[in-house]
Structures are given as structure tokens and as C-alpha cells.
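Undergrad: Submitted below is the structure of interest, expressed as C-alpha cells.
The values are calculated or read from the model by the stated rules, or taken from the named source; none is laboratory data. Since the structure is predicted, the reported quantities are computational estimates derived from the model, not experimental observations. Reconstructed Cβ throughout: ideal geometry from the backbone, glycine too, with neighbour counts over all protein chains shown.
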Amino acid sequence: MSKSLRCPAVVIAIAINLVTATLRGQGNVRWKQPDFGTANLIGVDDKLLIQKTSGELVLAQASPDRFIQLATARIFPQGSVVQALPALSDGRLFVRDESKLVVLHVGR
């Protein structure tokens, strides 16, 4: 199963172990980021918040030209399993693993 974010000209999608960007309506792949792992993403303005199932949070630029990783943070310890979808509300990101919920302030 894959998840996607539609930007004005591009669709950014995460499938198992791969992030891709495709031109909307044309199907032309603009870029691929292999060996990424499994994750869920949320589009916020021109950024992507990507919660990997390994417990790492990635901030990336939503770019049609290339994958631009801006920052990473380990939210949960190595070995944690993060399967719940992240949620964003009023500048707070809610993420959880199998045992705890974490709230992060990600707003301006």
C-alpha cells in the first residue's frame, strides 16, 4: 500500500522502501529516493513530515525536482514499531509507537 501527497504540480508518494515524485496527470517520475523504509507522510505548506515505522521523524522539502531532507529526529528508541498514522493539529504533531504517545510542537 502506498500513500501520496498532491502538490500543485507533483504527486509525492511513499511505498515500501521508496519515496517518489511524479508529475500530475503525466505519470513521469521526477525523482526516486530508494532504501527509505516504510513511513507515513503529512504535507504541510511546502514541507513533508514523514514518520518512519522505525521511529525516526524526517522533515523534507516538497520538491518536484529532488528529495531534499531538511532534518531528522529519532522520536522513539531503536527497535520501536511505529504503525499508527501521525496526526497534525494546531501546530502539534501527534505520533505514537506501541506503548506511548508523543506530542511535538512543530508550528512556527
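Undergrad: Given the criterion in contact with a strand residue (DSSP E or B) (Cβ under 9 Å, 6 or more places away or on another chain) and either at pLDDT 85 or above or aromatic (Phe, Trp, Tyr) (or both), identify the matching residue among Asn17, Asn40, Asn28.
TA: Just a single option satisfies the conditions, and that option is Asn40.
Undergrad: Oh, and also: Which condition breaks for Gln51 when tested against (1) of a type outside the set (A, V, I, L, M, F, W, C); (2) touching a Leu at 6+ places or on another chain (Cβ under 6 Å); (3) farther than 30 Å from Val29 by Cα?
TA: Result: Gln51 fails condition (3) only.
Undergrad: Residue under question is Phe94, and the condition is that it be in a loop (DSSP other than H, G, I, E, B) and farther than 13 Å from Ala13 by Cα; does it hold?
TA: The answer is no for Phe94.
Matching residues to (1) among the acidic types (Asp, Glu); (2) over 13 Å from Asp97 (Cα atoms); (3) outside any loop (DSSP other than H, G, I, E, B):
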{"residue": "Gly25", "(1), (2), (3)": "no, yes, no"}
{"residue": "Gln33", "(1), (2), (3)": "no, yes, yes"}
{"residue": "Arg66", "(1), (2), (3)": "no, yes, no"}
{"residue": "Thr72", "(1), (2), (3)": "no, yes, yes"}
{"residue": "Ser80", "(1), (2), (3)": "no, no, no"}
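Undergrad: Just the residues that are under 15 Å from Ile50 (Cα atoms), among the charged types (D, E, K, R) and loosely packed, with under 13 Cβ neighbours inside 10 Å, please, taken from the range 61-108.
TA: Passing the criteria: Arg74, Arg92.
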